[in-house]
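The values are calculated or read from the model by the stated rules, or taken from the named source; none is laboratory data. This is a predicted model, so every value here is computed, not measured. Positions of Cβ are generated from backbone atoms using ideal geometry, with glycine treated the same way; all protein chains shown enter the neighbour counts.
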Amino acid sequence: MKYVQNPLPFHLEEALTFANFEVGRNGELISQLKDPTVSFLFLQGEGGCGKSHLLQAVCSAASARGEIARFLPLQQLFALGASVLEGIEGSAVVAIDDLQQIAGVAAWEEALFHLYNRMREGGGRVLVSGDALPAALGITTPDLLSRLQWGTIYTIAPLGDEARGRVMQRLAKVQGLQLSDAVVRYLLLRVPRTMPQLLELIQGLDYASMATKRRLTVPFVRDYLAQRESEASAP
């Protein structure tokens, strides 16, 4: 695999691929992300909606083609300074996650502006995500704002209940659990909507099921959620 992130101390989560992303109403977006001829694209969505998953899926696909791809999670990289954007323009793909982390920081904004220019000259792809549209992120460098609006801007559409149910069952299967349709219907009315929160819930159910040696029935799940709520509200 030719995924590269040196010298950055992070790695691509290989499990985050297009194959295990629940598409929902995002079919056009997925098609654009899979198309290596789409050079610039901006993903907007609230935290936990799948932005990081999709950016890493693009990197995985590029690596499978033998290309160099870099995933840059700015929430983790911010403390290292804007120099992490230097010398990476030879990559086929640069995927920059959580752009809001550097909004208003002149050194970072300037470095990203120049990276856009170098990537265009080299024919590479720049994919960026943020929790707001470019114009609402608080970017203070006009030239960078212009670059962020190159290409297409997509807002990730949230999943409906049926799709969320499939996600929960898939996450449970990874943990070695079986969620019946009845349990899924019960949970859909009571659980958070973001993927990180759903994963945390499934992991908690897994631990509780093993600890009590009980199956994931509706009564068991009801007791588990009640206990979680009680613990969360305890002083």
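This table checks each residue for (1) touching a Lys or Arg at 6+ places or on another chain (Cβ under 6 Å); (2) within 27 Å of Ala157 (Cβ to Cβ); (3) at pLDDT below 90.
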| residue | (1), (2), (3) |
| --- | --- |
| Leu171 | no, yes, yes |
| Val174 | no, yes, yes |
| Leu177 | no, no, yes |
| Ser180 | no, no, no |
| Val183 | no, yes, no |
| Tyr186 | no, yes, no |
| Arg190 | no, yes, yes |
| Pro196 | no, yes, yes |
| Ile202 | no, yes, yes |
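Does region 167-185 contain any residue that is touching a strand residue (DSSP E or B) at 6+ places or on another chain (Cβ under 8 Å) and outside any loop (DSSP other than H, G, I, E, B)?
No; the residues of region 167-185 include none that is touching a strand residue (DSSP E or B) at 6+ places or on another chain (Cβ under 8 Å) and outside any loop (DSSP other than H, G, I, E, B).
Looking at (1) surrounded by 13 or more Cβ atoms within 10 Å (Cβ to Cβ); (2) farther than 23 Å from Ala15 by Cα, which is the one condition that is false for Leu159?
(2)
Which one of these is surrounded by fewer than 23 Cβ atoms within 10 Å (Cβ to Cβ), among the small types (Gly, Ala, Ser) and either under 19 Å from Asn20 (Cβ atoms) or under 21 Å from the mean Cα position of the chain (by Cα) (or both): Ala107, Ala132?
Ala132
Sort out which residues of region 140-165 are aliphatic (A, V, I, L, M) and either without any contact (Cβ under 8 Å) to a residue 12 or more places away in the chain or assigned to a helix (DSSP H, G or I) (or both), and write them in order of number.
Leu144, Leu145, Leu148, Ala163
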